[in-house]
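The values are calculated or read from the model by the stated rules, or taken from the named source; none is laboratory data. The model shown is predicted, which means the values in this text are computed figures rather than measured ones. Please note: Cβ atoms are built from the backbone with ideal geometry, for glycine as well, and neighbour counts cover all protein chains shown.
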Amino acid sequence: MERTPRSPIAQAEGPLVRVAGRVQVIEAADPTHPTTAFSLVRTREVAANASVTIETRVICSKFLVQDDSGFALVDDDFVAVLPPPGDSLPSNANAAIVASDGQQIEVCGPAERRVKPELQQIASQHGYRREPRVLCFDGRPDSLLLLRPRE
């Protein structure tokens with residue numbers, strides 16, 4: 001993530017983009033946690049025979065990232081959740097990383113501007129007679145979308 005320069009959302013151009021801003025959840029991936037934008041929960045169990053089982057669960061909702069220049073849409077299945085800058089996940093304990101509505105985050109990955117009629121009220125206009133376009137992040141199996149809280 002650090003090798004990709006961060007840019008304001010309004011100036012971000014693909015194919016690889018890194019932005020930071022405040023989260024606004026549009027559609028929760030987990031209805032029991034409607035304000036969670038994304039999360040990683042790792043549980044570690046040690047059995048009686050000393051075997052270790054580690055289960056990692058990543059959830060990503062549909063959400064917007066807003067900075068002073070505009071909005072970007074994140075709605076993806078191919079994501080990796082990273083700890084905040086300067087933090088790390090403990091190697092031998094349970095761990096959780098959660099980003100919620102209103103929190104500052106960073107997003108890095110493949111992105112392009114697309115026409116999104118359902119987001120017309122927030123999309124930037126690109127000239128007369130052109131459809132409003134929104135910066136949309138689109139992770140792929142070979143190029144995951146990296147998400148991390150900044151706080």
State whether the residues of the stretch 60-70 include one that is over 24 Å from Pro8 (Cα atoms) and surrounded by fewer than 17 Cβ atoms within 10 Å (Cβ to Cβ). no
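So that you can scan it fast, the table gives a plain yes or no per residue for (1) buried (at least 18 other Cβ atoms within 10 Å of the Cβ); (2) closer than 26 Å to Asp142 by Cβ:
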{"residue": "Val52", "(1), (2)": "no, no"}
{"residue": "Pro83", "(1), (2)": "no, yes"}
{"residue": "Gly86", "(1), (2)": "no, no"}
{"residue": "Asp101", "(1), (2)": "no, no"}
{"residue": "Val107", "(1), (2)": "yes, yes"}
Over the stretch 13-53, the set of residues within 19 Å of Phe63 (Cα to Cα), free of Cβ contacts under 8 Å to residues at least 24 places away in the same chain and of a type in the set (Ser, Thr, Tyr) is Thr32
Among strands (runs of 3 or more DSSP E) entirely within the stretch 1-115, at least 1 residues that are more than 10 Å from the chain's Cα centre (by Cα) and of a type outside the set (S, T, N, Q) occur in 16-27, 36-46, 52-60, 62-67, 70-74, 95-100, 104-115
Determine, yes or no, whether Thr36 is at pLDDT 95 or above, farther than 18 Å from Arg18 by Cβ and among the hydroxyl-bearing types (Ser, Thr, Tyr).
yes
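Does Ala10 qualify as being closer than 21 Å to Arg140 by Cβ, small (Gly, Ala, Ser), surrounded by 11 or more Cβ atoms within 10 Å (Cβ to Cβ) and touching a residue at least 60 places away in the same chain (Cβ under 8 Å)?
no
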